[in-house]
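J.: Attaching a single structure in structure tokens format; questions to follow.
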Amino acid sequence: MQAGTSSSRGIIGLDARTALWLSAIVALALLLRLAWLARTDTVLLPLSDPQYYHATAQNLAEGRGYSVTVDQRGFVAGDKSEGTAFWPPGYSFALAPLYKLFGSDIGVAKVFNAIAGALTVLPVFYLGRRLRGDAAGLLAAALFAVAPSLVFWTASLFSEPLFTLGIASTLAVAAWAADRRSIGAYLLAGLVLAATGFVRSQGMLMVVPAAVLLVRDVNPRALLRIALPAAAGVALLVVPWTIRNQAVMGRAYPINDNLGYNLRLAHGPYSKGTSVPPQDLWDERPGISFKERELFFDDEGRSRALTYAREHPGRELELAVRRIGYLSRSDAEASVRWSESLGLTPISGRGFFVLIGDLWYYPVLLLALASLVALPRSRIWLALWSALAVWGALHLVFAGEPRYHVPLLPVVVVLAAAVILRLFESLNTEEAAAP
């Protein structure tokens, strides 16, 4: 397969007009996100992902390492903290130097989210450009910049903005490295892949679309020339962190240790296809530290989840369908609800914001799906679709939430933009051919 339009040009090879438009789109993305922050007053909720990220980042900034403790307030920082590996450390490590410089305030993290979201416009543009030229790149970038739910998620301290930047960057760097065909480029591709996995470990699945882009020749020597430096890039992050986890947690986890927890919430009598806390695990062994509970969650969660799956095959099929259903839904309602701190900090006009989020999401999703038949096959097209495929396959097993499709929205907008341009080209061709 051949790469799409503009396959050999680097992002610095923009003409002045395109560069100006791209700069304007980045600025628009940032302004929209900052405006949303000014309109909301989102707070941290006890025992939530955002509270964990905030506490671990604060501990890192204050010299306590990647650690946390749990008390009546939920996840908190402080001298009583113990080492942790429950969630991947990438987002916390990104926030830590900012907390060191500006103080451990959630407002700092929110602004960081806004910047990460705006910067994601750049790899989105690059991917669109690779698929169908500068016009597709600019349209994809604009669609991403104004996506309502992506703006709304900025206010919550979830890792989605940084992880979405990582997913888009992993694909863009892999496409770039495929053209460069140098050891250094392959090393960088592996490093960016690992960095994305350190924000959310599921990011390592992007090895599949990265391989689609990078591998042009299947002979062993050519494969090794790509695989060895790429693996070295991954190892630069994974090996030291695995050693750290062995020393701190007593187990050589490559990234984090919540696999058993996530399996159990997806495979239990209370499972619904979306995230439901595995209360049976939380209720056992009262009084143990969170570090001990992490390890218990992983061991017992895996065991109970696998047992349940073996004993309830029919329900497992039903849950798999439900998971994909939840994954595919608009995340507008969820993004607004979390911006409201699940109701603690209400937003006036919330119904309007949910509506515009839905009105953006579903047409763009349908356009992206149309790319299966509307666009010519190319290597970049196959890579984008393989990213969607592995993400969907993941959620046949793990719980689905509308929020969980957010990191793949860069892929969705790129495909949608290319389809829109294809439709306009077809219309123009028909008009030109008309007598």
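The values are calculated or read from the model by the stated rules, or taken from the named source; none is laboratory data. Since the structure is predicted, the reported quantities are computational estimates derived from the model, not experimental observations. Here Cβ is always computed from backbone atoms with ideal geometry, including for glycine, and neighbour counts include all displayed protein chains.
J.: Residue 157: assigned to a helix (DSSP H, G or I), in contact (Cβ under 8 Å) with a residue 40 or more places away in the chain and not acidic (Asp, Glu), yes or no?
T.: Here the answer is no, as residue 157 does not meet what is asked.
J.: Suppose we keep only residues that are of a type outside the set (A, V, I, L, M, F, W, C), in contact with a Ser or Thr (Cβ under 9 Å, 6 or more places away or on another chain) and over 21 Å from residue 83 (Cβ atoms) within region 293-320. Which one would you say is surrounded by the fewest Cβ atoms within 10 Å (Cβ to Cβ)?
T.: Applying the filter and picking the extreme gives 315.
J.: Another question, if that's okay. Out of region 93-113, which residues are aliphatic (A, V, I, L, M) and in contact (Cβ under 8 Å) with a residue 12 or more places away in the chain?
T.: 94, 95, 96, 98, 106, 108, 109, 111
J.: Cβ-Cβ under 6 Å, sequence separation 6+ or interchain: first residue in region 354-368 and free of Cβ contacts under 8 Å to residues at least 40 places away in the same chain, partner aromatic (Phe, Trp, Tyr). Which pairs?
T.: Going by the 6 Å Cβ cut-off, there are no qualifying pairs.
J.: I would also like to ask the following. Picking from 273, 260, which residue would you name as being under 19 Å from residue 52 (Cα atoms), touching a helix residue (DSSP H, G or I) at 6+ places or on another chain (Cβ under 6 Å) and modelled with pLDDT of 95 or more?
T.: Values: 273 fails: under 19 Å from residue 52 (Cα atoms).
Being under 19 Å from residue 52 (Cα atoms), touching a helix residue (DSSP H, G or I) at 6+ places or on another chain (Cβ under 6 Å) and modelled with pLDDT of 95 or more holds for just one of 273, 260, which is 260.
J.: Name the pairs whose Cβ atoms lie under 8 Å apart, with the first residue in region 374-387 and within 17 Å of residue 207 (Cβ to Cβ) and among the hydroxyl-bearing types (Ser, Thr, Tyr), the second buried (at least 19 other Cβ atoms within 10 Å of the Cβ) and at pLDDT 95 or above, and 6 or more positions between them or separate chains?
T.: Listed by first residue and then by second, the contacts come to 386/209; 386/212.
J.: Hey, can you tell me all the residues within region 302-353 that are among the small types (Gly, Ala, Ser), within 22 Å of residue 393 (Cα to Cα) and touching a residue at least 60 places away in the same chain (Cβ under 8 Å)?
T.: The answer is 320, 325, 328, 330.
J.: Only one of 399, 334 is under 25 Å from residue 276 (Cβ atoms), assigned to a loop (DSSP other than H, G, I, E, B), under 17 Å from the mean Cα position of the chain (by Cα) and at pLDDT 95 or above. Can you tell me which? I'd like the intermediate steps shown before the answer.
T.: Numbers: 334 fails: assigned to a loop (DSSP other than H, G, I, E, B).
Sole residue among the options that is under 25 Å from residue 276 (Cβ atoms), assigned to a loop (DSSP other than H, G, I, E, B), under 17 Å from the mean Cα position of the chain (by Cα) and at pLDDT 95 or above: 399.
For every residue, the table says whether it meets (1) in contact with a Phe, Trp or Tyr (Cβ under 9 Å, 6 or more places away or on another chain); (2) hydroxyl-bearing (Ser, Thr, Tyr); (3) touching a residue at least 40 places away in the same chain (Cβ under 8 Å).
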| residue | (1), (2), (3) |
| --- | --- |
| 77 | no, no, no |
| 83 | yes, no, yes |
| 91 | yes, yes, yes |
| 115 | no, no, yes |
| 129 | no, no, yes |
| 132 | no, no, yes |
| 139 | no, no, yes |
| 149 | yes, yes, yes |
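J.: Okay, moving on. State which residue is surrounded by the fewest Cβ atoms within 10 Å (Cβ to Cβ) when the search covers only region 248-289 and only residues that are in contact (Cβ under 8 Å) with a residue 24 or more places away in the chain and among the hydrophobic types (A, V, I, L, M, F, W, C).
T.: For region 248-289, the residue satisfying everything is 276.
J.: Please enumerate the residues belonging to region 362-390 that are over 21 Å from the mean Cα position of the chain (by Cα) and farther than 16 Å from residue 417 by Cβ.
T.: Answer for region 362-390, where residues must be over 21 Å from the mean Cα position of the chain (by Cα) and farther than 16 Å from residue 417 by Cβ: 373, 377, 379.
J.: With respect to the numbered conditions (1) of a type outside the set (A, V, I, L, M, F, W, C); (2) in contact with a Phe, Trp or Tyr (Cβ under 7 Å, 6 or more places away or on another chain); (3) part of a loop (DSSP other than H, G, I, E, B), which one is the sole condition not fulfilled by residue 217?
T.: (2)
J.: Given the structure, is residue 176 surrounded by fewer than 24 Cβ atoms within 10 Å (Cβ to Cβ), in contact with a helix residue (DSSP H, G or I) (Cβ under 8 Å, 6 or more places away or on another chain) and at negative phi? Reasoning before the result, please.
T.: Details: surrounded by fewer than 24 Cβ atoms within 10 Å (Cβ to Cβ): yes; in contact with a helix residue (DSSP H, G or I) (Cβ under 8 Å, 6 or more places away or on another chain): yes; at negative phi: yes.
Yes, satisfied.
J.: How many of the residues in region 167-212 are in contact (Cβ under 8 Å) with a residue 60 or more places away in the chain, part of a helix (DSSP H, G or I), closer than 17 Å to residue 90 by Cα and of a type outside the set (Val, Ile, Thr)?
T.: 9
J.: One residue is enough: does region 321-329 have a residue meeting the conditions in a helix (DSSP H, G or I) and closer than 22 Å to residue 144 by Cβ?
T.: Checking region 321-329: at least one residue is in a helix (DSSP H, G or I) and closer than 22 Å to residue 144 by Cβ.
J.: Any residue that is outside any helix (DSSP H, G or I) and either farther than 30 Å from residue 246 by Cβ or at pLDDT 95 or above (or both) - is there at least one of those in region 22-34? Step through it out loud before you land on a result.
T.: Applying the first criterion (outside any helix (DSSP H, G or I)) to region 22-34 yields none.
No, every residue in region 22-34 fails to be outside any helix (DSSP H, G or I) and either farther than 30 Å from residue 246 by Cβ or at pLDDT 95 or above (or both).
J.: Another question, if that's okay. Name the one entry in 406, 354, 397 that is more than 30 Å from residue 269 (Cα to Cα) and out of contact with any Leu (no Cβ under 6 Å at 6 or more places or on another chain).
T.: After ruling out the rest, the residue left standing is 354.
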